[in-house]
1. Can you tell me which residue in the range 24-50 is most open to solvent (accessible area, probe 1.4 Å), limited to those that are part of a helix (DSSP H, G or I) and more than 23 Å from ASN83 (Cβ to Cβ)?
2. For ARG4, work out the one condition from (1) among the basic types (Lys, Arg); (2) in a helix (DSSP H, G or I); (3) surrounded by 12 or more Cβ atoms within 10 Å (Cβ to Cβ); (4) free of Cβ contacts under 8 Å to residues at least 12 places away in the same chain it doesn't fulfil.
3. List pairs: first in the range 46-68 and closer than 11 Å to GLU103 by Cβ, second open to solvent by 30 Å² or more (accessible area, probe 1.4 Å) and of a type in the set (Asp, Glu), Cβ under 7 Å, 6+ apart or cross-chain?
Amino acid sequence: RRERRAMLAERQAARSRTSATAQAVWAELYEEVGKAFGATRDRRYATSRAAMFAKALLAACDAEQRAYEQEPDAAELHEQQLNRTLERVATLSEVPPTMVAIEYVRGPAHHGGDRVHAREVAQEAIGAGLQPLATARSLRGPRKARGFSNGT
């Protein structure tokens, strides 16, 4: 009985250490986003805010990957922390939170890297009967080529 208790206590301690490491990743990202936006010169210009917005999304992608590596079974924790970070990016960049989330979920080709969360969201959308964008575009047919008036 004592051995079992000791084994359970050790598992709990290991989970706490790992969870604390994942929490540290998210806390670091939250701080980093705030400092980066605060240090940006000319924040009043939309282009400056857009550049920081893009950098923050890339940082969120990296942090999410690191957090999932630290604690792959804590999906709820990662979801909460990711949403908290995206809300902060939305506030600091003066963009609606849903638009920030849409930009984040758009896909690896849009922001670089491979994201666990984006794949999960896409799979859930497809499971709910929503068509991926590539399929929806293909239903409209090919786009007409638009060239310059001189034929190039």
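The values are calculated or read from the model by the stated rules, or taken from the named source; none is laboratory data. As the structure is a prediction and not an experimental result, all values here were calculated from the model. When we count neighbours, we look across all protein chains shown, and the Cβ atoms used for this are built from the backbone with ideal geometry, even at glycine. Surface accessibility is based on the protein's heavy atoms, side chains included, excluding ligands, DNA and RNA. Shrake-Rupley method; radii C 1.70, N 1.55, O 1.52, S 1.80 Å.
1. First, the residues of the range 24-50 that are part of a helix (DSSP H, G or I): 24-39, 46-50.
If we keep only those that are more than 23 Å from ASN83 (Cβ to Cβ) too, we end up with 39, 46-48.
Working: ALA39: 79, ALA46: 66, THR47: 108, SER48: 26 Å².
Here the answer is THR47.
2. Status for ARG4: all satisfied but (3).
3. From residues that are closer than 11 Å to GLU103 by Cβ, the pairs are LEU57/GLU103.
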